[in-house]
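Below: one structure, written as C-alpha cells.
The values are calculated or read from the model by the stated rules, or taken from the named source; none is laboratory data. Keep in mind it's a predicted model, so treat the numbers as computed, not measured. Ideal geometry is used to build each Cβ from the backbone, glycine not excepted, and the neighbour counts take in all protein chains shown. Only protein heavy atoms, including side chains, enter the accessible area calculation; ligands, DNA and RNA are left aside. Shrake-Rupley method; radii C 1.70, N 1.55, O 1.52, S 1.80 Å.
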Amino acid sequence: MHVLTTLAQLRSWRTQHAGKTVAFVPTMGALHDGHISLVERAREAADLVVVSVFVNPTQFGQGEDFDNYPRTLDADATKLAGLADVVFAPTVDEVYPPDEPPPVIHAGSGGQAFEGAERPGHFDGMLTVVNRLFDMVAPNVAVFGQKDAQQLHLVRVLARDRGGPEILAVHTVREPDGLAMSSRNRFLSAENRAAARVMPETVQAVVAARAEGPVKALRRGRAVMAAQPLARLDYLELVSPKDFSPVGEDFHGEATLVVAARFGSTRLLDTEDIFVP
Ligand code: PAF
C-alpha cells in the first residue's frame, strides 16, 4: 500500500496501472469499522482501491472544530494495510491550489433542509471537495455510507450531473446496542453514550409503525425520543429518496427516515430506508 500526498504522485500511480478499474472511498480519517465496511465494498467493486484521508476545511462552519478534528493518519494507514492500494492524504493547498482554486459546487434546494439548515454552507463545501477529489482520483466507482443520507443523496446528484463515477451505498454499521458508528461517538460522555441508544430505538419505533402511515409512525418515533431526557431532537422525518423532501400523509413506497438529535454538545444522525405500505 502506498501513502501518496500529491496529485502528481497519484497520476503517476494511475499511469502505472492503466487499464485497471479504481474504486474510491473519500474519508476525513479517524477511521472506524463503518469506514472499513466502505473499503471492503470498494475492494469487491474494482481492481484497485484508493482511500482519501483529508479533513476538508470548507465543510466546517464557524464554531465547528476544524482545528481539533482528530488527525490520525498513521493509525488510519495501519487499518487500511491489506485493504487499500493507495491512501491519498493531500495537503489543503494540493486540494485547493491558491493559483487555480477548484469550482465551488452549490448544493441547491436538496442541501437547504435538515443538515443544511443546521450547518449552513456545509454541503457546498462537501460537494466542492468531493467533486475535486473525483477529478484528482478519477475513479470508476465511489463508495459512501448510508448513515449520512443527505450527503449520499447530494453526491448522487453530483455524480449524475458530472457523468460519474458510479456511486455505491453501504448500509450503516452499528455498535452492539444499535447505535450507528460515527467519528462523533467518541465525544459522548458515558451517560450520553448510554442515552444515545434512543437513536436506533426511535428508528425501530418508526419502522414498526410504518403501516400506520408517515404521520402516525413519526409520532411514535418522536414519543420514544421524548422519553429520553438527555436527548434533544433536531428532526425526525420521512423523506423521498428522489429529492429529499418530506413525504405526505398519503405516501406509499420507498422512503428514507432521517433523524438528528443532540446528546450534550454532540449531534448524532441516523437513517433507515423504509417501505411505507
Ligand atoms: O463523509 C465524510 O467524511 C466527508 O463529508 C467526505 C465525504 C469525506 C468529504 O469530505
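So the values come out like this:
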{"item": "Val104 being touching a strand residue (DSSP E or B) at 6+ places or on another chain (Cβ under 7 Å) and either modelled with pLDDT of 95 or more or more than 26 Å from Met225 (Cα to Cα) (or both)", "result": "no"}
{"item": "Test set (1) within 16 Å of the ligand (Cβ to nearest atom); (2) in contact with a Leu (Cβ under 7 Å, 6 or more places away or on another chain); (3) of a type outside the set (A, V, I, L, M, F, W, C) - His17 fails condition number", "result": "(1)"}
{"item": "Residues of the stretch 126-136 satisfying the condition of being out of contact with any Lys or Arg (no Cβ under 8 Å at 6 or more places or on another chain) and either open to solvent by less than 10 Å² (accessible area, probe 1.4 Å) or within 12 Å of the ligand (Cβ to nearest atom) (or both)", "result": "Met126, Leu127, Thr128, Val129, Val130, Arg132, Leu133, Met136"}
{"item": "Criterion violated by Gly111 - all others in (1) within 23 Å of Leu154 (Cα to Cα); (2) open to solvent by 40 Å² or more (accessible area, probe 1.4 Å); (3) of a type outside the set (A, V, I, L, M, F, W, C); (4) out of contact with any Ser or Thr (no Cβ under 9 Å at 6 or more places or on another chain) satisfied", "result": "(2)"}
{"item": "Residue match in the stretch 33-47 (condition: over 22 Å from Leu10 (Cα atoms) and open to solvent by less than 20 Å² (accessible area, probe 1.4 Å))", "result": "yes"}
{"item": "Residues (open to solvent by 60 Å² or more (accessible area, probe 1.4 Å) and closer than 16 Å to Ala45 by Cβ) located in the stretch 157-190", "result": "Glu166, His171"}
{"item": "Answer residue from the stretch 174-221, given it is within 16 Å of the ligand (Cβ to nearest atom) and of a type outside the set (A, V, I, L, M, F, W, C) and is farthest from Leu38 (Cα to Cα) among those", "result": "Arg186"}
